[in-house]
Amino acid sequence: MKPTIEIIIGTEGEVTIEAHNFKGASCEKATKFLEEALGMSGKKNRKPEFFQQETAKQSQRT
Amino acid sequence: VSHLTQSPIQIKDIEALRVAAASFGATMEAAKTFASYERNQACEYAIKLPGVRYQVGVRKDASGHYTLHHDPFSADWGPRAEDKHDGGKLVEKFGSGLGKLSQAYSRAVVMKQASQKGWMVQTKTLPDGRIRMQLINT
């Protein structure tokens, strides 16, 4: 699965961003440019993937 | 009576706002004031719709971001141009609280950022009016 960012723009322009198929901190890095451009300062909801270790990712590949 | 309303989103990218305004057939120009019930309301830019006297004011706040302001008041009090209050036409076009314009702005920002990063964008309007954008790293 390719890394994907899903953005929902509400009817008043408010934005929520979700990153899919990223692992760990790379997800936060991937969405940072959008958060900065949109001036977002809201709370982050981290999905279970964030807490997955790089080693776990490597073992999945084998 | 002043009914000046401020939209909830903060604008960082003034060029994306120009793109959003253009998608409604409106133009945005540098201006010291914008037309509303209260005269001489200060702003940095005014967004104008053809054939509409009232305008959307774009103001810079203390943080350096911009906010959108408009007066939705409508009334016809006589033949003079200043007797025509047509803020309702702004609402008709840009949505209640300028929601549609704010939404178009956020969409323009995402499109611009995705294009700069070389991400592919799929956009879909959901039945409830929200817009879903999927950015795919190709």
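If you check B:ALA21 against the conditions, is it surrounded by 18 or more Cβ atoms within 10 Å (Cβ to Cβ), under 11 Å from the mean Cα position of the chain (by Cα) and more than 18 Å from B:GLY99 (Cβ to Cβ)? I'd like the intermediate steps shown before the answer.
On the way: surrounded by 18 or more Cβ atoms within 10 Å (Cβ to Cβ): yes; under 11 Å from the mean Cα position of the chain (by Cα): yes; more than 18 Å from B:GLY99 (Cβ to Cβ): no.
Spelling it out, it is not the case that B:ALA21 is surrounded by 18 or more Cβ atoms within 10 Å (Cβ to Cβ), under 11 Å from the mean Cα position of the chain (by Cα) and more than 18 Å from B:GLY99 (Cβ to Cβ).
Okay, residues lined up against (1) under 12 Å from the mean Cα position of the chain (by Cα); (2) not aromatic (Phe, Trp, Tyr):
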residue	(1), (2)
B:ALA30	no, yes
B:TYR37	no, no
B:ALA62	no, yes
B:ASP76	no, yes
B:ARG80	no, yes
B:ASP86	no, yes
B:LEU90	yes, yes
B:LYS93	yes, yes
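Which of the residues belonging to region B:34-65 are surrounded by 12 or more Cβ atoms within 10 Å (Cβ to Cβ) and part of a loop (DSSP other than H, G, I, E, B)? Give the derivation first.
First, the residues of region B:34-65 that are surrounded by 12 or more Cβ atoms within 10 Å (Cβ to Cβ): B:34-38, B:41-49, B:52-60, B:65.
Result: B:ALA35, B:SER36, B:TYR37, B:GLU38, B:CYS43, B:GLU44, B:LEU49, B:VAL52, B:ARG53, B:TYR54, B:GLN55, B:HIS65.
Which condition number in (1) more than 14 Å from chain A (Cβ to nearest Cβ); (2) part of a strand (DSSP E or B) is the one that B:THR123 fails?
Only one criterion is unmet by B:THR123, namely (1).
Just to verify a result, which residue in region B:66-104, among those that are of a type in the set (Phe, Trp, Tyr) and open to solvent by 20 Å² or more (accessible area, probe 1.4 Å), is farthest from the other protein chains (Cβ to nearest Cβ)?
Looking only at region B:66-104, we keep the residues that are of a type in the set (Phe, Trp, Tyr), and these are B:66, B:73, B:77, B:94.
Next cut, open to solvent by 20 Å² or more (accessible area, probe 1.4 Å) only: B:66, B:73, B:77.
Working: B:TYR66: 10, B:PHE73: 20, B:TRP77: 31 Å.
Only one residue fits best here, namely B:TRP77.
Only residues that are of a type outside the set (S, T, N, Q) and open to solvent by less than 60 Å² (accessible area, probe 1.4 Å): list them for region B:114-138, please.
So the first thing to find is which residues in region B:114-138 are of a type outside the set (S, T, N, Q), and the list is B:114, B:117-121, B:124, B:126-133, B:135-136.
Residues satisfying the conditions are B:ALA114, B:GLY118, B:TRP119, B:VAL121, B:LEU126, B:GLY129, B:ILE131, B:MET133, B:LEU135, B:ILE136.
Every residue, every condition in (1) in contact with a Ser or Thr (Cβ under 8 Å, 6 or more places away or on another chain); (2) in contact (Cβ under 8 Å) with a residue 12 or more places away in the chain, yes or no:
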| site | (1), (2) |
| --- | --- |
| B:HIS3 | no, yes |
| B:ASP13 | no, yes |
| B:ARG18 | no, no |
| B:ALA35 | no, yes |
| B:VAL58 | yes, yes |
| B:LEU90 | no, yes |
| B:ARG107 | yes, yes |
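For residues in region A:1-41 being in a loop (DSSP other than H, G, I, E, B) and closer than 23 Å to B:ASP13 by Cβ, which is most open to solvent (accessible area, probe 1.4 Å)? First the steps, then the outcome.
As a first pass, look at region A:1-41 and keep what is in a loop (DSSP other than H, G, I, E, B): A:1-3, A:10-14, A:21-25, A:39-41.
Okay, now just the ones that are also closer than 23 Å to B:ASP13 by Cβ, so A:10-14, A:39-41.
Working: A:GLY10: 4, A:THR11: 70, A:GLU12: 95, A:GLY13: 3, A:GLU14: 93, A:GLY39: 25, A:MET40: 69, A:SER41: 112 Å².
Of everything passing the filter in region A:1-41, A:SER41 is most open to solvent (accessible area, probe 1.4 Å).
Looking at B:GLU29, B:GLU15, which is the one that is assigned to a helix (DSSP H, G or I) and surrounded by fewer than 16 Cβ atoms within 10 Å (Cβ to Cβ)?
The match here is B:GLU15.
Between a first residue in region A:1-17 that is more than 7 Å from chain B (Cβ to nearest Cβ) and a second residue that is among the β-branched types (Val, Ile, Thr), which pairs have beta carbons less than 7 Å apart while being 6 or more apart in sequence or on different chains?
A:THR16/A:ILE8; A:ILE17/A:ILE5; A:ILE17/A:ILE7; A:ILE17/A:THR31
Could you check B:MET111 against (1) within 14 Å of another protein chain (Cβ to nearest Cβ); (2) open to solvent by less than 20 Å² (accessible area, probe 1.4 Å) and say which number it fails?
Unmet for B:MET111, out of (1) within 14 Å of another protein chain (Cβ to nearest Cβ); (2) open to solvent by less than 20 Å² (accessible area, probe 1.4 Å): (2).
The values are calculated or read from the model by the stated rules, or taken from the named source; none is laboratory data. The structure displayed is predicted, hence computed values, not measured ones. Virtual Cβ from ideal backbone geometry, glycine too; neighbours counted across all protein chains shown. Each accessible area value is taken on the protein alone, full model and side chains, heavy atoms only, with ligands, DNA and RNA left out. Shrake-Rupley method; radii C 1.70, N 1.55, O 1.52, S 1.80 Å.
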